[in-house]
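Following: one structure in structure tokens, then a few remarks.
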Amino acid sequence: MKNKKSFLSVLIIILFFSNAINGQDKGDLIKPNVIIFYADDLGWQDVELNDLDEPCAWDTPNIKELAKDAINFTNAYSAAPTCAPSRSAILSGLHPAKTGITNVTGGGIPKSNRNSEFISPFFPEGLMPENFTIAEALKMNGYRTGHVGKWHAGSLEIQKSTNQGFDFAHESRGAHQGPKGAKNRVNAFATHDKNDPYRLSEEKYFPFTKDSPNGISYPNDEVTENALKFINKNKEKPFFLYLAHWMVHYPIHTKNRELLQYYCDKLGVEFPKEDIPMTAVGQNNPYFGAMVTTLDWSLGRVVDLLKKTDDPRNPGKKLYETTYIFFSSDNGGAEQRRDEVMSDNAPLDKGKKYTEEGGIRVPMLISGPNIAKGKTKDVLINQLDFYPTILNFTNSKIPAKYSTDLDGLDISGVLINNENNVKKDGKVREDLWWHYPYGDNSKNQSAIRSGDYKLYKNFANGTYVLHRLYKDGKRFDLEEKYDIAKKEPKITKELSDKLEKYLKDYDAKLPYKSIANTKDASEKKNIAAIPMIINDSFDANSRKVSIQIEKGKSNVIESYALVKISDEVKGNKKGKKRKVKSTYIKVPVEVSSNQLNYTFNVPTEASEYGIILIDENRFMVKGKFHELTSSDTPKKEKKRKKVKKQQ
């Protein structure tokens, strides 16, 4: 019996160490830390990672250094070509078409676009309580969660970062704050004055020049400093830091005079004497270069802290050894704003607000425990993949109703096991897709990348455009100059069918025709057939709205109501009322069998309502929007209800 016990004890010890080793291979022996370092408008060619044709003019030594410990994904994409959709997607793990957050500054009543015959579809302002963020997921699994920097995922109280799973939030612009009043970008530089909120550092950093062989000082940046504080304060527990920089978004400026001088010297331009637009084409804007290098400096500060700090949960290891870092940008580079030329995405076509490569292909590095060092991979990766991958790396469990709804895929096999493809249920993922039904006719489109090919559907004219980006693993038409849709009808049909299926499956909202702006003479008959609203009533007791449209007109194929909700009115310290933030949200509509009557209920917290109808010819009919007064709300219902998240 004694021998049996001894044998069992040895077996248990062997199994324990075997499991520990296997766990380490997966990176889940301990709860690793996670940092998402998210830049704003940083283009694929704005860093020293993916130099094609001309080398990047901007110096990013810390990004280059991190790449030595990371995998550089050269075919990495944001979920959208603009800010808010990408941020909401990375936080929720849901495709923008699924949440409906497909553009910036949402939550408004749809209106006609200038110089366009179309009305953009309604889209919400940001994440709502029903969305389950990566912060909530990790918090549920024992993590301390922090957000520093830009939020842009909703401005109402219920949408704030601290109501979306973050224990800590600091959302000032830091050193990105633009000059105010009489100050401008040629006279608002930081100093060593102790009262300067952007006081220059005593420590010296890159660049190291003939005039400054020991490096230069950098302005105090609250974004960076609060990120460092969060790490130091929460290192005793596993932590998740979402560091979303405001840089290198407009306004284009720097508070660092020495760094601006460095770029003027490097680019061979005179130090600016007056605040006028920088109009030289290419990567020739010294202000923008200074912003990129400042962003890089911030990353370096974070990495340096991780490398110097012992991990108290893992004796003998530094935080850098137990932390996953996801570095990327919310969309492709913004090349120009009005007369100011900021940067250049070449050889990629176009930039921010476009689904062409320049608008959605982004720099991406991922480093951490057991991830290959100094590798480059061309596998298709989307930022939607971050959420499920982080869940795996952290051994985090969330309710099935959230996990099964995620649109990204776990890419840990590519990161840890050196796999060359992202797989779902054993099948290789072949494509990624984007939806941006906004802007002028050149922007208003959806796109799909499948292997070597990229196809676009233009919503203005309904046509498809096909490009072949690569051929036999080599660059072919990365500039997207040549439309081969007619030459390759089979591929065009295959990809367009895929894209149309995505649009249908996700109920992606498309642009609608504007009655006021339609110039096509052939549409006169269709405009005459648009149904008009003949009855619009509201019952204050039941809060039920009843709508009736005229008979014998074109059929309505889509209907929804919009209601306006707002934060509670609060006063400031001086007793004055603060500006109340509001947004419109969708409310479902019940339709009668004859499709002439529409009803919906207005929530008690709503202060305004209206109905939107879309007819079979895709013309939008907007009902009158009615403001509700206190007399429209029964006394017992006047108290605002709190919206709670179901988990």
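The values are calculated or read from the model by the stated rules, or taken from the named source; none is laboratory data. These numbers were taken from a predicted model, which means no experiment stands behind them. We place every Cβ from the backbone using ideal geometry, glycine too, and count neighbours over all the protein chains shown. Just the protein is used for accessible areas: all its heavy atoms, side chains included, with ligands, DNA and RNA removed. Shrake-Rupley method; radii C 1.70, N 1.55, O 1.52, S 1.80 Å.
Legend: calculated FRET efficiency, Lys486 to Ser212, from the Cβ-Cβ distance at R0 = 51 Å, rounded to 0.05, equals 0.30.
Length gained on full extension, Arg475 to Thr604, computed as 0.36 nm times the residue gap minus the Cα-Cα distance: 40.7 nm.
Taking the accessible area of the chain, probe 1.4 Å, and keeping the other protein chains in place, the carbon and sulfur fraction comes to 49%. Each semi-axis of the equivalent ellipsoid for region 428-549 is √(5λ) with λ an eigenvalue of the Cα gyration tensor; in descending order they amount to 40, 19, 11 Å. Summarised in one figure, the compactness ratio Rg/Rh of the chain, Cα atoms and Kirkwood Rh, is 1.00.
The charge dipole of region 339-397, taken about the Cα centre with unit charges on the Cβ atoms of Lys, Arg (+1) and Asp, Glu (-1), comes to about 460 debye, rounded to the nearest 20.
Remark: spin-label model distance Asp452-Arg114 equals 4.3 nm, labels positioned 7 Å along the Cα→Cβ axis. Just for the chain, what percent of DSSP beta bridges are antiparallel, to the closest 5? Roughly 70 percent of the DSSP beta bridges within the chain come out antiparallel. A viscosity of 0.890 mPa s and a temperature of 25 °C, combined with the Kirkwood radius over C-alpha pairs in the Stokes-Einstein formula, give region 199-273 a diffusion coefficient of 166 µm²/s. Taking 0.36 nm per residue of separation and subtracting the current Cα-Cα distance, fully stretching the chain between Asn184 and Asn617 would add 150.8 nm.
What's the magnitude of the charge dipole for the chain around its Cα centre, counting Lys and Arg as +1 and Asp and Glu as -1 at the beta-carbon? Answer in Debye, nearest 20.
Details: 99 positive and 84 negative charges, 505 e Å.
Rounded to the nearest 20 debye, it is 2420 debye.
Here the spin labels are modelled as points 7 Å beyond Cα on the Cα-Cβ line, and at Ser592 and Ala400 they lie 4.2 nm apart. Principal-axis analysis of the Cα atoms of the chain puts helix 489-505 at an angle of about 80° to the longest axis.
Taking the Cα centre of region 119-203 as reference, the dipole from Cβ charges on Lys and Arg (+1) and Asp and Glu (-1) amounts to some 300 debye.
When region 498-604 is described by a simple charge dipole with +1 on each Lys and Arg Cβ and -1 on each Asp and Glu Cβ, the residue from Val602, Ile547, Ile527 located farthest towards its positive end is Val602.
Got a sec? Charge dipole of the chain, +1 on Cβ for Lys and Arg, -1 for Asp and Glu; which of Phe393, Val302, Thr492 is way out at the positive end? Result: Phe393, furthest along the dipole toward the positive end. Amide H contacts under 5 Å for Thr145: Asp167, Phe168, Phe240, restricted to partners 5 or more places along the chain or on a different chain, H placed in the peptide plane at 1.01 Å from N.
Model label points for Arg199 and Ile557, set 7 angstrom from Cα along the Cα-to-Cβ axis, are 6.4 nm apart.
Once the piece of chain linking Glu494 and Lys424 is laid out straight, how much longer is it, given 0.36 nm per residue of separation minus the C-alpha distance between them? Mind dumping the intermediate values first?
Numbers: separation 70, 0.36 × 70 = 25.20 nm, distance 2.05 nm.
My answer for the length gained is 23.1 nm.
Our coupling estimate for region 341-355, obtained by passing each phi through the Karplus curve with A = 6.51, B = -1.76, C = 1.60 and θ = phi - 60°, is 8, 9, 7, 8, 8, 3, x, 5, 7, 6, x, 3, 6, 10, 8 Hz, Gly and Pro reported as x. For region 286-441, the solvent-accessible area with a 1.4 angstrom probe is 35 square angstrom per residue.
What does the helix-only formula give at 222 nm for the chain: each DSSP H stretch with n ≥ 4 adding -39500 (n - 2.57), the total divided by the residues, and the result rounded to the nearest 500 deg cm²/dmol? Please list the in-between numbers first.
Values: 14 runs with 143 residues, N = 647.
Mean residue ellipticity at 222 nm (helix-derived): -6500 deg cm²/dmol.
Exposed loop sites were defined as GluC sites (Glu not before Pro) in DSSP loop states (anything but H, G, I, E or B) carrying at most 11 other C-beta atoms within 10 Å; in the chain the longest segment without such a site runs 275-567. Please give the helix 83-92 orientation as an angle from the longest Cα principal axis of the chain, in degrees from 0 to 90, rounded to the nearest 10. Compared with the principal axis, the helix lies near 70 degrees.
If R0 is 41 Å, what FRET efficiency do you get for Asn314 and Glu270 from their C-beta distance, rounded to 0.05? Don't jump to the answer; show the numbers that get you there.
Details: r = 52 Å, r/R0 = 1.28.
Efficiency for this residue pair is about 0.20.
Axis angle, to the nearest 10 degrees, between helix 286-308 and the longest C-alpha principal axis of the chain: 60 degrees. Using the Cβ-Cβ distance between Ser537 and Asp431 with R0 set to 41 Å, the FRET efficiency works out to roughly 0.30. For Lys423, a cut-off of 18 angstrom between C-alpha atoms picks up these aspartates and glutamates, skipping any fewer than 8 places away in its own chain: Asp378, Asp385, Asp405, Asp407, Asp410, Asp431, Asp452.
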